[in-house]
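Structure first, commentary second.
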Amino acid sequence: MTEDAPQGPDPRLQIARQFIEAIPHARALGLRLTDLGAGRAEIAMPWDGRLVGDPDTGVIHGGAVSALMDTCGGAAVMAHPGAGASTATLGFRIDYMRPATPGQAIRAQAECYHMTRFVAFVRAVALDDDPDRPVATATGSFAVERPEGT
Amino acid sequence: MRRPEPVRIIKSRRDGALDRIVAAVPYIGFLGMRFDRRGDELTAILPFDERLIGNPMLPALHGGATAAFLEVAAIVELAWALMWDEMERPGADPSPPIRLPKTIDLSVDYLRSGLPRDAYARARVNRSGRRFASVHVEGWQDNRQRLFAQATGHFLMPERAAGDD
C-alpha cells in the first residue's frame, strides 16, 4: 500500500489486536488471539471447567463455542483492510457438527470474505486437536460502523 | 376423586426440579443466568455483569454472550419440558433424571445493541418430536415489545432411558 517496504507490524492489525484484547467477555472466556491477518483471525479458547455444558461428559457448552466464533468473526472483520471504526453482529448462524473433545482447547478460524460499505460477510470454523473433523461451522453478517462522511 | 396436592409440595417439587437442571450445567453459572418460573412458564434472566460486555466503548453486551444466553434459554426450556412430563403424571417419579438436548444449529438475529443492564428471554417450543425439536427464543431488556435479539434453533433430543415407553 505504501511506496516503501513495510516497516514493522501493520498498524491496522495492531489496532485490531488491541480492540480484541480489550473485550471483557473475551477475557472472561480466556480467549487468546493466536493469529491475525488481512480479513482473517484465529482465536483459541482453552478448555475450562466453568464452560462445561454437559456435566456427564465435560463437553464445552455450545454457547461458549458461539461466543468464541462470534468474537473471531468480529476480529476478522476488524482485521479487514476495508474495515470501519467498529463492528456489531447482525446475524449469526452456527452448526454444531460434534461435541468438542473434553480437555482440549477449541480454535476458531474466521475469514471476512466480502466487505461492502455497510456490511461484512464472515465464515468461521471451530476445531479441537483433530483438524480434519470440525466441531462447528458458522456464517455471519456484521454491521460495519464508519465515522460520518467516510 | 383425588384430593389436590398441597401447593407447598407442588412448588417445592417444581422449583427443586428447575434448580437441579440449572445447577447441573456449569456454563449457566459462568454466565450468571437465573430462571423465573410461573407454573410451567420459564423466563431466563441474565443479570448484567461487566464480564458480558463485548464493546467497552458503547458499552454493549457481547454478541456471543447474547447468543449463549438465548441458546441456554432454549436448552433449559426443552430439558424442563421433558422433566415436567415425567414428574407431573400421577404417581410419577418426583425427581426424574436430568436429560439435556444437544444443539444442532442456532441462528441468531441481532435487532439492536444489548444495553449494559439485565436481559430476559423466553423460549417457545414450536415442534418437539421423539428425535428433534425446533425452538424460537426472544430476548428483551427494558421493554417486552422491543426485542434486542431473537434466535431459532434445532436440537437433538436425548435418548429415552431404557424401559421407557
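Each reported figure results from applying straightforward, stated rules to the coordinates on display, with no laboratory input. Since we're looking at a predicted model, the values are computed, not measured. Backbone-built Cβ (ideal geometry, glycine too); neighbour counts: all protein chains shown.
From the list B:Ile98, B:Ile45, B:Ile104, B:Ile75, which one is in contact (Cβ under 8 Å) with a residue 12 or more places away in the chain, among the hydrophobic types (A, V, I, L, M, F, W, C) and at the interface with another protein chain (Cβ under 7 Å from one of its Cβ atoms)?
B:Ile104
Identify all residues within segment B:56-72 that are without any contact (Cβ under 8 Å) to a residue 12 or more places away in the chain, farther than 12 Å from A:Ala67 by Cβ and either more than 7 Å from every other protein chain (Cβ to nearest Cβ) or in contact with a strand residue (DSSP E or B) (Cβ under 8 Å, 6 or more places away or on another chain) (or both); write none if there are none.
Of everything in segment B:56-72, just one residue is without any contact (Cβ under 8 Å) to a residue 12 or more places away in the chain, farther than 12 Å from A:Ala67 by Cβ and either more than 7 Å from every other protein chain (Cβ to nearest Cβ) or in contact with a strand residue (DSSP E or B) (Cβ under 8 Å, 6 or more places away or on another chain) (or both), namely B:Met57.
Please find, among B:Ala67, B:Ala73, the residue that is among the aliphatic types (A, V, I, L, M) and either over 16 Å from A:Gly74 (Cα atoms) or in a strand (DSSP E or B) (or both).
Selected residue: B:Ala73, the only one of B:Ala67, B:Ala73 that is among the aliphatic types (A, V, I, L, M) and either over 16 Å from A:Gly74 (Cα atoms) or in a strand (DSSP E or B) (or both).
Search segment B:43-57 for residues being surrounded by 12 or more Cβ atoms within 10 Å (Cβ to Cβ) and in a loop (DSSP other than H, G, I, E, B), and hand back the single one that is nearest to the chain's Cα centre (by Cα).
Checked segment B:43-57; the qualifying residue nearest to the chain's Cα centre (by Cα) is B:Pro47.
Hey, could you check segment A:45-84 for residues that are touching a residue at least 60 places away in the same chain (Cβ under 8 Å) and under 9 Å from the mean Cα position of the chain (by Cα) and say which is farthest from B:Phe30 (Cα to Cα)?
Across segment A:45-84, the extreme among qualifying residues is A:Val77.
So which residues in segment B:15-42 are without any contact (Cβ under 8 Å) to a residue 60 or more places away in the chain and part of a strand (DSSP E or B), if there are any at all?
B:Arg34, B:Phe35, B:Asp36, B:Arg37, B:Arg38
Residue check: is A:Thr89 part of a strand (DSSP E or B) and within 17 Å of the chain's Cα centre (by Cα)?
yes
Scan segment B:16-38 residue by residue and report those that are over 14 Å from the mean Cα position of the chain (by Cα) and more than 10 Å from every other protein chain (Cβ to nearest Cβ).
Listed by number, the list holds a single entry, B:Gly16.
Just give me the residues in segment A:19-77 being surrounded by fewer than 24 Cβ atoms within 10 Å (Cβ to Cβ), within 9 Å of chain B (Cβ to nearest Cβ) and polar (S, T, N, Q), in sequence order.
Within segment A:19-77, no residue meets the criteria.
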